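The values are calculated or read from the model by the stated rules, or taken from the named source; none is laboratory data. Small disclaimer: the values here were computed from a predicted structure and weren't measured. Every residue, glycine among them, receives a Cβ derived from its backbone with ideal geometry; neighbour counts consider all protein chains shown. Side chains are part of the model used for accessible areas, which takes the heavy atoms of the whole protein and leaves out ligands, DNA and RNA. Shrake-Rupley method; radii C 1.70, N 1.55, O 1.52, S 1.80 Å.
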Amino acid sequence: MSQASIQSVSRESRIFAPQDEFARQARVSSREGYEELYRRSVDDPDAFWLEIATEDFHWFKKPTQGLDWSNPPHAKWFADGTTNLAYNCLDRHLVGSHRNKAAIIFEGEPGDVRVLTYQQLHREVCRFANVLGKLGVKQGDCVAIYMGMVPEAAIAMLACARIGAIHTVIFGGFAAEAVRDRVNDAKAKLIVTQDGAWRRGNLVPLKENVDRAMRETPGVKHTIVLKRTGNEVAMDRGRDLWWHEMVETVSAQHRAAELPAEHPLFILYTSGTTGKPKGVLHTTGGYMVGAATTSKFVFDLREDDTYWCTADVGWVTGHSYIAYGPLANGATCLMYEGAPNHPDPGRFWSIIERHGVTILYTAPTAIRAFVKWGDQYPMKHDLSSLRLLGTVGEPINPEAWMWYRRVIGNERCPIVDTWWQTETGAMMMTPLPGAISTKPGSCTVPFFGVVPKVLREDGTEAGPNEGGLLVIEKPWPSMMRTVYGDDQRFKDTYWSRFEGKYFTGDGARKDEDGFFWVMGRVDDVVNVAGHRLGTAEVESALVAHKSVAEAAVVGRPDELKGQGLVAFVTLKQGEAPTKALKAALLEHVAQEIGKFARPDEIRFTDGLPKTRSGKIMRRLLKELASGNEVKGDMTTLEDFSVLAKLRADEE
Ligand code: WTA
C-alpha cells in the first residue's frame with residue numbers, strides 16, 4: 001500500500017430505520033440504548049466484559065480480571081478464570097425441558113433430515129471426547145477435522161474443546177496438498193474425516209484426499225472416518241478407524257476438562273498477502289465471550305428462533321456462528337450439507353419454508369447468485385417465518401442488499417451487515433437490529449468494546465467520508481492471540497503498520513453519521529490516473545446495472561494512468577454480451593461514479609474464479625488482466641473450468 005489515501009466514491013444515501021415491531025421486542029431497542037452500552041464498553045472494557053463473562057457463562061473458577069494488556073500485542077482475557085466452552089454450549093443447557101430442545105436440525109443434500117436435541121448432542125460429544133481420549137489425544141494436542149457439513153463436524157469440534165485439544169478445521173473443499181500443509185503446520189496427531197461428502201449431487205472423496213495427504217504427514221497416528229456417503233474407501237488397519245465403531249466402545253459420560261481461559265481452542269488457516277496461509281490462533285475464554293455475546297445481540301436470539309447460518313464449518317463464520325456462538329446461547333441451529341442450487345435454485349427457500357427458519361445469515365456472493373437465478377425461486381416459497389437477515393464475508397453491493405431486503409425480507413426484516421475477520425473471532429462492526437438504522441452497503445457501527453478508526457497513511461485520522469486504512473485501537477476479547485508457530489508474522493502483519501493498533505488490511509470510510517463503509521482489502525485498491533478507488537465500488541456500480549449478475553474489477557498497469565481497470569462481468573440469464581452492452585456499462589459506471597472510474601476493458605465471462613468459500617480470486621484476475629501467466633497457489637479455486645474459459649476468451 002503506497003497510496004496516500006483511498007478515495008471513496010459510493011453515493012448511497014438510502015436509510016432504513018428499525019421497524020417498531022422489531023424494536024419493541026429487541027434486546028437493545030434504540031440508538032440511545034446502544035450508545036449507552038457502547039460508551040460503557042469502551043470507557044471501561046475491563047469491567048464491561050468481566051460483568052458479561054461472569055454473568056452469562058459458566059466458570060469453574062470465576063475470573064477476577066478482564067483484560068491483561070501488559071504485554072502488547074498479546075492480550076489475555078479473563079486469565080485467572082477456568083472454564084470449558086463445550087460445557088457452556090451443552091451441559092448448562094441440560095436443565096428442565098431445554099434438554100429436549102433441538103440443538104441441531106440437519107438437512108443432508110439428498111434430503112435426509114436429522115434432529116439432535118441438546119441432550120442427544122451432549123451424549124454424542126461426550127462419546128467422541130472419550131474416543132479421542134482412548135486414542136491418546138491429550139490437552140494441547142492438535143486434531144485436524146476435514147469434513148463436510150454434517151453434525152459430526154460440530155461434534156468433533158466440541159469434543160476437542162471438551163478435552164482441551166486444539167482443533168484445526170480444514171474446509172472440505174481443500175485438495176490433498178492443502179490438507180497436508182495445514183496438518184503438518186498445526187502438528188496434528190489425528191485427522192477426523194468422512195468417506196465422502198455430497199456436493200451438488202456429486203461425491204467429494206474426502207477420505208481419498210486424506211490418504212493422499214497422509215503420504216507426507218508423519219505426525220498423524222490415526223484417522224477417524226465417519227460413514228456418510230457409503231462409497232468404498234481404503235481403510236489402513238490399525239491406523240484408520242470407523243467413527244461408528246469407535247463410539248460404540250466408549251461411554252456417553254464425560255466430565256468436561258477445567259481449562260484456563262487462555263487455553264488454545266483452535267487454529268484456523270487463512271490466506272494473507274503471501275502464498276503461505278496463516279494459522280490464526282484463538283483461545284477459550286475471550287473467544288467464547290465474543291462469539292456468544294455477538295450472537296445474542298446481533299441476531300437478537302430468542303428462545304423460539306430457528307437460526308440458519310449457511311457458511312461452512314471450515315471457515316471462521318462456521319466456527320463462531322454455526323458451532324460456538326449460537327450453541328452457547330442454547331439456540332436451535334439449522335445445518336445444511338449441500339449446494340444452494342441442488343436439485344434446483346429454490347433449495348434455500350424450500351429449507352426456510354419447511355423448517356420455519358427465522359434468522360438467515362449468508363454471504364453477498366450467495367445473494368448475487370440468487371439475483372442471477374431469478375425471483376421466481378424465492379417467490380414460490382412461504383418465507384414469512386423469517387424475521388432477521390444477515391450477511392458477512394465481503395462488501396455487499398447496495399443493489400444486492402436491496403434485493404435481499406425486498407425479495408427475501410419482504411421489506412420487513414432488518415438486515416445486519418456484519419464486518420469481521422478470521423482474526424477478530426467475532427463480529428466487529430454491525431447494526432444491532434432493533435437499534436441501528438441501516439444503509440445498503442454499510443456495516444454501520446462498532447459492536448461493544450470495538451474502537452475502529454480510519455487512518456491516513458501517516459497515521460492521522462481521516463475526515464468524514466475520506467477513505468483510509470481501517471484499524472482497531474483497543475484489544476477485544478475474541479481477538480486472535482498469534483499466528484501459530486510464527487509470532488513474528490503476527491506482529492509484522494497486524495501490529496507494525498501503525499504502532500500499537502491492529503491493522504485490518506481493509507480500506508474504509510466513516511460517513512457523516514458515523515457509519516462505516518468497508519471497501520475491501522487494501523490490496524484490491526487501485527489508483528487510476530491519480531484517483532484512488534475501491535474496486536468493490538466499481539463492481540457495485542456494474543452490478544447495479546440491470547443486465548449484470550456479477551462483476552469483479554481489478555487493476556492492471558497502465559502506461560498513461562498508472563493503473564487501469566479491467567472488469568470481468570457475468571450477465572443475467574437472457575442477456576447478450578454485445579458491444580452495445582459494453583458501451584452501456586461504461587456509461588453506467590460513469591453515471592454512477594464518474595468517468596475516471598470507467599473500466600478500460602470489460603470482459604464478459606460465464607463465471608468468475610472463486611475460492612471455495614465464495615470469494616472472487618482477484619489475484620488470478622489481476623494476472624489475467626495484466627496478460628501474465630497465471631501462477632501460484634490455486635488449491636482453493638472452486639472451479640478450474642472457469643479459469644480455463646477466461647483464458648480461452650483472451651485468444
Ligand atoms: C471482508 C470472514 C465488507 C473484509 C468473517 C475482511 C467484509 C475479510 C465483511 C475477512 C463485510 C468480511 N463487509 N467486507 N460485512 N465481512 N469482509 O477472514 O475484507 O474470511 O477483511 O472472515 O472479508 O475475511 P475472513
Of the DSSP beta bridges with both residues in region 75-234, give the percent that are antiparallel, rounding to the nearest 5. 40
Size of the dipole of the chain about the Cα centre, Lys and Arg at +1 and Asp and Glu at -1 on the beta carbon, nothing else charged, in debye to 20? 820
Determine the alpha carbon to alpha carbon distance for each of Lys221/Lys474; Lys439/Lys561; Lys62/Lys138; Lys227/Lys296; Lys579/Lys645 and list only those over 30 Å. Lys221/Lys474; Lys439/Lys561; Lys227/Lys296
Considering only Pro205, Val169, Val183, whose Cα is most displaced toward the positive end of the charge dipole of region 169-222, charges sitting on Cβ of Lys, Arg (+1) and Asp, Glu (-1)? Val169
Please compute, over every Cα-Cα pair in region 199-266, the percentage with a separation greater than 20 angstrom. 50
Give the share of C-alpha pairs in each 5 angstrom bin for region 344-491, from 0 to the last occupied bin, in whole percents, shortest bins first. 2, 9, 15, 18, 17, 14, 10, 7, 6, 3, 0
With angles folded into 0 to 90 degrees, how steeply does helix 640-650 sit against the dominant principal axis of the chain? Use alpha carbons for both and round to 10. 10
Just to verify a number: what accessible area does Asp486 come out at with the full protein assembly present, 1.4 Å probe, Å² rounded to tens? 60
With every protein chain in place, the accessible area of Glu51 for a 1.4 Å probe, in Å² rounded to the nearest 10, comes to 80
Determine the dipole magnitude for region 434-580: charges of +1 sit on the beta-carbon of Lys and Arg, -1 on that of Asp and Glu, nothing else is charged, the reference point is the Cα centre, and the result goes in debye to the nearest 20. 220
Where does each of Glu587, Glu512 land when they are ordered by accessible area, with a 1.4 Å probe and the largest first? Glu512, Glu587
So what does His58 come to for accessible area, using a 1.4 Å probe and Å² rounded to 10? 50
Restricting attention to the alpha-carbon atoms of region 286-326, what are Rg (one decimal) and Dmax (integer), both in Å? 9.8, 27
Could you give me the percent of Cα pairs per 10 Å distance bin for region 133-275, shortest bin first, beginning at zero and ending with the bin that holds the maximum distance? 12, 43, 35, 10, 1
Between region 36-62 and region 319-394, the Cα center-to-center distance that results, in Å: 32
For Glu32, Glu216, Glu473, what's the largest-to-smallest order of accessible area, 1.4 Å probe? Glu32, Glu216, Glu473
With every protein chain left in place, what is the accessible area per residue of region 156-216 in square angstrom, probe 1.4 Å? 31
Cα lying deepest toward the dipole's positive end in the chain, options Asn341, Ala252, Phe498, charges on Cβ: Ala252
State, to one decimal in nm², a quarter of the convex hull surface area for the C-alpha atoms of region 408-491, i.e. the direction-averaged projected area. 7.5
Dividing the convex hull volume of the Cα atoms of region 115-185 by its residue count, what figure in Å³ per residue is obtained? 75
If you scale each eigenvalue of the Cα gyration tensor by 5 and take the root, what three semi-axes come out for region 79-208, rounded to whole angstrom and sorted largest first? 25, 22, 10
Using only the alpha carbon atoms of region 156-220, find the Kirkwood hydrodynamic radius as the inverse mean reciprocal pair distance, in angstroms to one decimal. 12.4
Crossing angle, helix 31-43 versus the chain [Cα axis fit, 0-90 degrees, rounded to tens]: 70
Bridge type composition, the chain - antiparallel percent by DSSP, nearest 5: 60
Semi-axes of the chain's equivalent ellipsoid from the Cα gyration tensor, sqrt of 5 times each eigenvalue, largest first, rounded to whole Å? 37, 29, 25
With the convex hull built on the Cα atoms of region 328-424, state its orientation-averaged projected area in nm². 6.7
Whole number please: convex hull volume per residue of the Cα set in region 40-156, in Å³? 179
When all Cα-Cα pair distances of region 296-356 are considered, the percent exceeding 14 Å is 58
Over its Cα atoms, what ratio of radius of gyration to 2.2 N^0.38 Å does region 479-612 give? 1.27
Using +1 at the Cβ of each Lys and Arg and -1 at the Cβ of each Asp and Glu in region 220-347, identify which of Ala331, His319, Tyr269 lies farthest towards the dipole's positive end. Tyr269
Quote the relative contact order of the chain in percent (integer), defining contacts as alpha-carbon pairs under 8 Å separated by 6+ residues. 14
I'd like the orientation of helix 45-56 relative to the chain: the angle between its Cα long axis and the longest Cα principal axis, in ° from 0 to 90, rounded to 10. 50
Beyond 18 Å, what percent of the Cα pairs of region 402-451 remain? 33
Computed over region 242-308, Kirkwood Rh from alpha-carbon pairs, angstrom: 15.9
